[in-house]
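Have a look at the structure below, then the notes.
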Amino acid sequence: MQKNLIEKILPINYLIDLLLPENLSINLKFKFYEYYKDNFCENDISLLETLDINLILNDIKNFIISNNIYFPQIESDHRKIETNAIFFAIPGVTFDGSNFISSAIDNGAKYVIIPTTIENSILNSLLQLDIILKKSVFLYKTKNIRRAYAMFCSLCYPKQPDKIIGVTGTNGKTSSAHFYSCISSAYSRKNSVYIGTLGETYCYFSQSKQKVMCRSIDNTNHLTTPDSKTIHKTLNYLTNYSNSQKINKSKIKQSTKIDHVAIEASSHGLHQNRLDFVNFKSVAFTNLTHDHLDYHTDINNYFLAKLRLFTEITSDIVVLNINDEFSYKILQYLHKDKKIIFYGRIINNNNEIINNNHFFNKNFLINKLNESYIKDITDHNIISTVFFYDYTPGIGFTLVLNQKHYICKTDIIGEFQIQNLLCGISLFLSVKPDADIDKLISIIPLVSQPPGRMQKISQSNIYVDYSHTPDGLLMALTELKKTYHQKLWLVFGCGGNRDRDKRRKMAQIASSIADYIIITDDNPRQEDPALIRQEIIIHCDKNLATVIEIGNRKDAINYAITNATIHDIILIAGRGHEKYQIVGNKKFIMSDIKIAEEYFKQIKRII
């Protein structure tokens, strides 16, 4: 019955034929029509086996731009629908857009796109509506509604900046993208924009302060990777932001277009096609460890979601962390002609740092890769290598760029953050291969940590970090212990309605490194906060560390600051830059950074 009903609905390529301009090249229109028929309608044909849709799409976009072609409103939120809009009834994790089709029609939708998996009862009800029977509203079907939505959004908002980079990985996405934005702004003295966990942030070089400044443009989006419409709409106005009211309201003084844009690519965003049809110049991989398995179910599915950035989304260059095993898995899927930049810390099989020059030799690296991991990596593939050694916290490190050694000064804390800095440098070199290296080295001291990433509370031994995964917590704790050799206090909790197995792992890591652990609330969401805390506490080894439970996060932070000695180190982990705490369905103002800063000042005055 379901199949018979869905067969009554026209495929989405009929809508494509209707919407594309009549004076568009017949050949181009036919190719686009055929691509849609194959990839969104009847058949399951691999992207690699079809026409090069990106070339076709770019030609159509150029036609739309040059001829000022009007495109109807594209929307997946029924509440925002306007007259004659196209509504995509996308099935989501929490809500199914199919349940809101009637509302979208009431609000003015003229075209409704439904997935071929729509429930029979919903489709049957739709087909009985007078407005559809009278053909005042038209239904179209597609088998991949999220990808179709992304493509329509790219046509509605066809312009994109020249240099867009993407970063994916479990940890380090925010820092790497932030570092790229800072480097590009400092080097070119032009503006750049970062889009990700921190919201939408504008970076520019301040001549008066002689450093990179970052200002929030928009932090209302709560997704690491925004939805397709937000992404394409944002990229479109960034090509000439001086005409954008939204940008002007953010007190931005300069009025040149944005060339450099850094986007965090989350596994959810990639799996849900949010970044499809973004033309990336280069894309980077940081690492892959335990996270989001409540969504992806296992580590392989998690990896496959990340892999889409390197195999199914357009990019010229791939940047890979040589220290992560999943980088070598990605290599196996890359096109044989793909250009690659490797970055990281050179280590041997015993995880020991190697400073010998031959390890920085490209040919030696190629031989090692071909012997150990994958065949057919050649000098043609590897366009650059960016490595480091001799890192001294708060002072700097030695950068080895294409076998040449440079002394770099930086106050960035954490060897893992130096890795992320190298990722940012590698991304910059991917879009600026002729960069003056001496100039590049000179601006590294101007690059600062992103908010809530190993952020030191001024004149204290208190650090606030976003480490909310087992590997992230391990790296933060290990770095602080190795750097200071002092007693280490840890304040942390785990988020509700998220991967529960992380609680066990993070508890075990915490008690193996920290001396004092205060278990508190993170963002409990719809879970019972006390039960979350207990799930963590039962896995803490109380023979290794002192464990204290304080549910109220502000009280927990203040307790650590009050009871730690002047030499002790405090890490407040899990929420980083976040300014709100989510309890149930409500948000409360809660900033770890602000709480720590204010209470530390208060303690100093008392002392």
(message) Within the stretch 70-95, take every residue that is open to solvent by 50 Å² or more (accessible area, probe 1.4 Å) and over 28 Å from the mean Cα position of the chain (by Cα) and give me the one that is nearest to residue 138 (Cα to Cα).
(response) 84
(request) Return yes when residue 440 is without any contact (Cβ under 8 Å) to a residue 40 or more places away in the chain and in contact with a helix residue (DSSP H, G or I) (Cβ under 9 Å, 6 or more places away or on another chain) and no when it is not. (result) no
(message) Can you say whether residue 587 is within 27 Å of residue 201 (Cα to Cα) and modelled with pLDDT under 95, as far as the supplied structure shows?
(response) yes
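Please pick out the residue among 125, 98 that is small (Gly, Ala, Ser), open to solvent by less than 10 Å² (accessible area, probe 1.4 Å), under 15 Å from residue 9 (Cβ atoms) and modelled with pLDDT under 95. Walk me through it before giving the result.
Details: 125 fails: open to solvent by less than 10 Å² (accessible area, probe 1.4 Å).
So the residue among 125, 98 that is small (Gly, Ala, Ser), open to solvent by less than 10 Å² (accessible area, probe 1.4 Å), under 15 Å from residue 9 (Cβ atoms) and modelled with pLDDT under 95 is 98.
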(request) Answer yes if at least one residue in the stretch 270-283 is buried (at least 19 other Cβ atoms within 10 Å of the Cβ), of a type in the set (Lys, Arg), touching an Asp or Glu at 6+ places or on another chain (Cβ under 8 Å) and closer than 30 Å to residue 32 by Cβ, and no otherwise. (result) yes
(message) Based on this model, can you work out whether residue 599 counts as open to solvent by 20 Å² or more (accessible area, probe 1.4 Å), aromatic (Phe, Trp, Tyr) and closer than 27 Å to residue 482 by Cα?
(response) yes
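Can you tell me which of 594, 587 is in contact with a strand residue (DSSP E or B) (Cβ under 7 Å, 6 or more places away or on another chain), basic (Lys, Arg) and either assigned to a strand (DSSP E or B) or surrounded by fewer than 20 Cβ atoms within 10 Å (Cβ to Cβ) (or both)? Spell out how you get there, then give the answer.
Values: 594 fails: in contact with a strand residue (DSSP E or B) (Cβ under 7 Å, 6 or more places away or on another chain).
It is 587.
Among 442, 458, 430, which is the only one that is surrounded by fewer than 18 Cβ atoms within 10 Å (Cβ to Cβ), in a helix (DSSP H, G or I) and among the small types (Gly, Ala, Ser)?
Details: 458 fails: in a helix (DSSP H, G or I); 430 fails: surrounded by fewer than 18 Cβ atoms within 10 Å (Cβ to Cβ).
Selected residue: 442, the only one of 442, 458, 430 that is surrounded by fewer than 18 Cβ atoms within 10 Å (Cβ to Cβ), in a helix (DSSP H, G or I) and among the small types (Gly, Ala, Ser).
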(request) Take the stretch 510-546 and flag every residue that is β-branched (Val, Ile, Thr) and either part of a helix (DSSP H, G or I) or open to solvent by 40 Å² or more (accessible area, probe 1.4 Å) (or both). (result) 513, 532, 536, 537, 538, 546
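Go through 440, 446, 488, 429 for me and flag whichever is touching an Asp or Glu at 6+ places or on another chain (Cβ under 6 Å), of a type outside the set (Phe, Trp, Tyr) and more than 22 Å from residue 197 (Cβ to Cβ).
488
Can you name every residue in the stretch 479-504 that is of a type outside the set (A, V, I, L, M, F, W, C), under 26 Å from residue 602 (Cβ atoms) and surrounded by fewer than 24 Cβ atoms within 10 Å (Cβ to Cβ)? It would help to see each step written out before you state the result.
Pass one, the stretch 479-504, residues of a type outside the set (A, V, I, L, M, F, W, C): 479, 481-487, 493, 495-504.
Next cut, under 26 Å from residue 602 (Cβ atoms) only: 484, 486-487, 493.
Within the stretch 479-504, 484, 486, 487 qualify.
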(message) Can you say whether residue 61 is modelled with pLDDT of 80 or more, among the charged types (D, E, K, R) and open to solvent by less than 50 Å² (accessible area, probe 1.4 Å), as far as the supplied structure shows?
(response) yes
(request) Note down all Cβ pairs under 8 Å where the first residue falls in the stretch 301-316 and is in contact (Cβ under 8 Å) with a residue 12 or more places away in the chain, the second is assigned to a loop (DSSP other than H, G, I, E, B) and among the β-branched types (Val, Ile, Thr), and they're at least six residues apart or on different chains. (result) 313/278; 314/278
(message) Go through (1) part of a loop (DSSP other than H, G, I, E, B); (2) in contact with a strand residue (DSSP E or B) (Cβ under 9 Å, 6 or more places away or on another chain); (3) buried (at least 24 other Cβ atoms within 10 Å of the Cβ) for residue 161 and report which single condition fails.
(response) (3)
(message) Being among the hydroxyl-bearing types (Ser, Thr, Tyr) and out of contact with any His (no Cβ under 8 Å at 6 or more places or on another chain) is the filter here; which residues of the stretch 461-483 pass it?
(response) 463, 467, 478, 483
(request) Scan the stretch 132-156 residue by residue and report those that are out of contact with any Asp or Glu (no Cβ under 9 Å at 6 or more places or on another chain), open to solvent by 40 Å² or more (accessible area, probe 1.4 Å) and farther than 23 Å from residue 93 by Cβ. (result) 133, 134, 135, 138
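Being in a helix (DSSP H, G or I), among the charged types (D, E, K, R) and within 30 Å of the chain's Cα centre (by Cα), is that true of even one residue in the stretch 561-582?
Of the residues in the stretch 561-582, the ones in a helix (DSSP H, G or I) are 561-563.
Adding the requirement that they be among the charged types (D, E, K, R) leaves none.
There is no residue in the stretch 561-582 that is in a helix (DSSP H, G or I), among the charged types (D, E, K, R) and within 30 Å of the chain's Cα centre (by Cα).
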(request) Can you work out which of the residues in the stretch 37-57 that are part of a helix (DSSP H, G or I) and open to solvent by 50 Å² or more (accessible area, probe 1.4 Å) is modelled with the lowest pLDDT? (result) 48
(request) Determine the pairs where a residue that is closer than 18 Å to residue 560 by Cα and in contact (Cβ under 8 Å) with a residue 60 or more places away in the chain, located within the stretch 462-485, has a partner that is assigned to a helix (DSSP H, G or I) and of a type outside the set (A, V, I, L, M) with Cβ atoms under 6 Å apart, the partner being 6 or more residues away or on another chain. (result) 464/592
(message) Here's a check for you: in the stretch 311-321, which residue that is β-branched (Val, Ile, Thr) and at pLDDT 90 or above is most open to solvent (accessible area, probe 1.4 Å)?
(response) 311
(message) So, in the stretch 468-478, exactly how many residues are surrounded by fewer than 24 Cβ atoms within 10 Å (Cβ to Cβ), touching a strand residue (DSSP E or B) at 6+ places or on another chain (Cβ under 9 Å) and modelled with pLDDT of 95 or more?
(response) 1
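Scan the stretch 175-189 residue by residue and report those that are open to solvent by 10 Å² or more (accessible area, probe 1.4 Å) and either of a type in the set (Ser, Thr, Tyr) or modelled with pLDDT of 95 or more (or both).
Initially, the stretch 175-189 is screened for residues open to solvent by 10 Å² or more (accessible area, probe 1.4 Å), giving 178, 187-189.
The answer is 178, 187, 188.
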(request) From 327, 250, 282, 267, grab the single residue that is within 20 Å of residue 235 (Cα to Cα), modelled with pLDDT under 95 and among the hydroxyl-bearing types (Ser, Thr, Tyr). (result) 250
(request) Test residue 571 against the stated conditions and say whether it is in contact (Cβ under 8 Å) with a residue 12 or more places away in the chain and surrounded by fewer than 19 Cβ atoms within 10 Å (Cβ to Cβ). (result) no
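The values are calculated or read from the model by the stated rules, or taken from the named source; none is laboratory data. Predicted model, so just to flag it, every value in this text is computed and none were measured. We place every Cβ from the backbone using ideal geometry, glycine too, and count neighbours over all the protein chains shown. Ligands, DNA and RNA are stripped out before the accessible areas are found, and what is left, the full protein with its side chains, is counted by its heavy atoms. Shrake-Rupley method; radii C 1.70, N 1.55, O 1.52, S 1.80 Å.
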